[in-house]
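Take a look at the structure set out below.
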Amino acid sequence: MQTNIKGEILSPVGSFEMLEAAVKSGADAVYLGAKDFSARRNAQNFTKEEMKKAVEYCHIRGVRVYLTLNILLKDDELEKAFLLARDAYNMGIDGIIVQDLGFAKILKDYLPELPLHASTQMSVHSKSALPILKQLGFTQVVVSREMDKKDLEEFCKEAEKYNITVEVFVHGALCMCVSGQCLLSAFLGSRSGNRGLCAGPCRLPFKVKGGTGYDLSLKDLSLLEYITELYGMGVRSFKIEGRMKRPEYVAAATYACKQALYDGGVEKNLNETLQNVFSRSGFTGGYYQNKLGKSMFGIRTKEDVISADKAFPLLHELYRKERKSVAVTIKAEVLKNKPISLTLSDGKNTVSVSGNLPQTAKTKAVTKEDITKNITKLGSTPYYHTDCEISLDGGLFVPSGELNELRRTACEMLDSKRAEVNHPQSNAEFKLNKTKSGKTEVPKIYIRVENKDQIPSSLKGISAVIVPLEKDFEPFFGVKNIVEIPRGIVSETKIENRLKIYKQKGFNTALCGNIAAVTIAKQNGFEVLADTGLNVLNSFSLKTLSELNIKSAVLSAEILLEDVKELDNELPKGIISYGNIPLMLFKNCPVKNGTTCKECKQNGSITDRKGTVFPVRCRMGYSELLNSVPICLSDKQDLLSSLEFQILYFTKETKEQTEKIIADYTYKNPPENKYTRGLYFRGVM
């Protein structure tokens with residue numbers, strides 16, 4: 001095993017048994033969730049008392065512990081979430097994984113010594129996200145699973161300049177959607193992935209013509225064979241997904257990743273066992289290899305379950321025994337007229353314990369070999385000795401039981417030392433102070449169009465027009481002209497080139513749904529309007545955007561209208577009040593499972609098991625699943641009085657339809673066709 005590796009195998013923990021399985025199988029760090037505010041709220045998770053015990057258990061064994069507080073938070077949850085973070089900091093947590101922009105800013109301001117990790121839910125998949133991550137105080141970032149080798153290499157080089165550690169998922173389940181950009185579970189059943197309660201509807205039958213029948217279900221990820229390559233390009237944290245899985249899976253995945261990183265490869269039988277323990281018709285490394293397509297899709301079959309049942313009993317051996325993870329030096333003194341003493345040191349912590357005076361030997365005197373044999377019996381502890389120094393006077397006798405007791409006591413004392421929190425306790429308090437909006441008028445109407453044919457004959461009553469970056473539009477007279485940057489960024493250079501074209505045309509505002517897009521837009525002289533992809537759900541997120549010099553924001557589509565009026569009046573804000581809004585963002589287009597881009601001609605769709613059809617739209621290398629029916633709030637205008645603007649989000653509508661819908665919103669007419677109110681009234685869990 002190589003000893004010069006400076007990376008970490010980061011394992012998932014959903015219970016204490018999983019914690020022991022991960023640590024004993026070789027984890028360098030673990031991540032776990034509390035009972036509240038975790039992106040896996042359905043896992044068993046940890047109470048505060050259990051978390052404290054888990055941190056102590058791990059620190060004794062030299063393992064770091066990260067807390068997942070990576071969901072979107074509402075205003076009335078911010079103070080409670082902060083107290084949880086503060087308690088975790090006081091008990092010695094090594095870092096907190098965060099999605100919510102506002103909550104990240106709170107932690108940076110109130111707990112500045114607490115390391116912040118940007119969750120994969122922040123959808124970081126290009127390097128221009130790094131300046132904002134640095135500004136918000138992040139020291140580590142979990143990049144999107146969709147990044148390929150080339151992009152990851154460039155990202156790691158840039159991250160080094162900002163002293164931000166790069167963390168990559170190397171094993172476990174693959175969501176079809178870019179993490180942090182999925183609304184499917186929320187819209188279909190009010191169970192939000194952004195709030196930690198995804199119901200996993202993408203694993204159900206969704207089909208495209210000529211596809212697999214499960215065209216939103218990907219195989220599990222495995223990058224075991226590329227771990228040393230990833231390390232070479234600068235990745236330093238290798239993350240395993242699976243807080244909802246069994247301890248046996250965590251043990252097998254941890255042990256395999258440890259082998260891959262430290263030994264340069266995984267034993268063939270272990271790799272096969274790992275596939276048997278949990279996979280969906282095998283594994284894929286398609287994103288990293290940039291080999292997308294049908295071969296990446298898979299489901300959990302009956303054969304997979306049978307294979308797992310056979311494999312589970314074999315894996316207990318991986319975590320049955322304590323792992324020897326902490327090197328210690330031992331020093332013992334057995335001298336005349338001095339109490340017997342034993343000292344243990346891990347290089348940082350040193351403990352000493354004294355016993356009785358040694359006896360005069362009546363027959364056989366104790367030897368150095370005898371003492372060494374007793375005091376190096378560290379079998380039930382995480383310690384192993386690298387040096388043992390014995391000072392012994394001749395003619396003495398020490399009962400072996402006394403040496404054993406001294407060793408046990410010294411180990412317990414060293415445990416206590418290693419479990420101590422080595423920073424001052426914080427009594428910081430966070431209180432959300434806000435100034436609510438006093439607006440009472442109906443918000444301005446912005447329209448977002450897909451193509452020129454949708455532009456109404458008159459823009460009277462329209463305050464802004466939003467156009468897609470990849471299409472060619474000229475500016476419109478008498479309105480604010482806004483260009484929309486796609487949430488999925490394949491090439492930052494292409495984004496910049498398109499922005500320059502629009503800048504020359506006179507466009508000055510960019511709609512940005514990704515933090516990298518914010519950086520790119522600002523660098524090219526655009527004012528920024530934050531899009532729904534930035535997941536603004538609370539007042540402090542609005543404050544954070546304002547501090548990032550963002551001028552206005554479209555709120556999360558998961559927000560309740562009754563909560564909107566309680567938000568801080570920090571920034572002009574709006575919602576999408578009409579349209580088939582994007583529910584998922586794909587790097588691997590599901591429509592390609594049955595046809596080609598040429599044949600699709602932007603008319604792709606996918607059908608669920610109930611026959612509901614969802615349109616699929618392509619945008620500069622990524623594609624999006626649109627909702628099957630539009631949101632419509634045309635007759636609810638009086639309830640939007642705390643907003644500065646609303647967006648009518650047109651995708652497939654004709655010019656006549658856009659004109660009719662704009663008129664309905666102008667005159668507050670009720671919807672005539674099939675529609676949804678979205679989540680604005682029913683909310684999410």
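If you keep only loop residues by DSSP, which GluC sites (Glu not before Pro) in segment 393-443 have at most 14 other Cβ atoms within 10 Å of their Cβ? Walk me through the intermediate numbers first.
Numbers: sites: Glu402, Glu405, Glu412, Glu420, Glu429, Glu441; in loops: Glu420, Glu429, Glu441.
When the GluC sites (Glu not before Pro) of segment 393-443 are filtered for loop state and at most 14 Cβ neighbours within 10 Å, Glu420, Glu429, Glu441 remain.
Arranged by the count of other C-beta atoms within 10 angstrom, fewest first, what order do His125, His423, His385 take?
Working: His125 26, His423 10, His385 15.
Result, fewest neighbours first: His423, His385, His125.
Find out how many positive minus negative residues lie around Thr595, taking Lys and Arg as positive, Asp and Glu as negative, among other residues whose Cβ is under 12 Å from that of Thr595.
Numbers: positive: Lys209, Lys294, Lys592, Lys598, Lys601; negative: Asp215, Glu599.
Residues near Thr595 contribute +3 overall.
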Trypsin sites (Lys or Arg not before Pro), restricted to segment 387-465: which are DSSP loop and have at most 10 other Cβ atoms within 10 Å?
-> Lys431, Lys460
Once you have a ≥ b ≥ c as the square roots of the Cα gyration tensor eigenvalues for segment 454-594, tell me rounded if a/c is under 1.5, and otherwise prolate or oblate according to whether a/b is larger than b/c.
-> rounded
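From the Cα gyration tensor of segment 326-419, with a ≥ b ≥ c the square roots of its eigenvalues, which class applies: rounded if a/c is under 1.5, or else prolate if a/b is larger than b/c, or else oblate? Could the numbers behind the result be given before it?
Details: a/c = 2.13, a/b = 1.93, b/c = 1.11.
Cα axes put segment 326-419 in the prolate bin.
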Using the Cβ atoms and a cut-off under 12 Å, what net charge is assigned to the surroundings of Ser295, where Lys and Arg are +1 and Asp and Glu are -1?
-> +4
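Going by average Cβ density within 10 Å per residue, which order do the peptides 565-576, 582-593 take, highest to lowest?
Working: 565-576: 20.2, 582-593: 23.8.
For the peptides 565-576, 582-593, the packing ranking is 582-593, 565-576.
If Lys and Arg each add +1 and Asp and Glu each add -1, what is the summed charge of the other residues whose beta carbon sits under 9 Å from the beta carbon of Ser457?
Details: positive: Lys655; negative: Glu659.
Residues near Ser457 contribute 0 overall.
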Candidates per GluC sites (Glu not before Pro) in segment 179-270, loop by DSSP, up to 12 other Cβ within 10 Å = Glu267
Within the chain, the percent of DSSP beta bridges that are antiparallel, given to the nearest 5, stands at 30
So for Tyr255, Tyr262, fewest C-beta neighbours within 10 Å to most, what's the order?
-> Tyr262, Tyr255
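When only C-alpha pairs under 8 Å and at least 6 residues apart count, what is the relative contact order of the chain, in percent? Working shown, then result.
Numbers: 1496 pairs, mean separation 101.2, N = 685.
Value for the chain: 15 percent.
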Have a look at Leu174, Val554, Leu315 and report the one farthest towards the positive end of the charge dipole of the chain, computed about the Cα centre with Cβ charges (Lys/Arg +1, Asp/Glu -1).
-> Leu174
For segment 488-539, rounded, prolate or oblate, judged on the Cα gyration tensor with a ≥ b ≥ c (square roots of eigenvalues), a/c < 1.5 rounded, else prolate if a/b > b/c?
-> oblate
In debye, nearest 20, what is the charge dipole magnitude of segment 326-419 about its Cα centre with +1 on Lys and Arg Cβ and -1 on Asp and Glu Cβ, if you could check?
-> 80
Checked against a 28 Å limit on the C-alpha separation, the offending pairs among Lys6/Lys35; Lys53/Lys348; Lys294/Lys598 are Lys6/Lys35
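Before anything else, pin down the relative contact order of segment 326-419: Cα pairs under 8 Å, at least 6 apart, normalised by residue count, whole percent. Don't skip to the answer; put the middle values down first.
Working: 162 pairs, mean separation 35.2, N = 94.
Dividing the mean separation by the residue count of segment 326-419 yields 37 percent.
Every read-out reported here was derived from the displayed coordinates using simple, explicitly stated rules and does not represent laboratory data. Everything numeric here is computed off the predicted structure, so don't read it as measured data. So basically every Cβ, Gly included, is an ideal-geometry build from the backbone, and we count neighbours across all protein chains shown.
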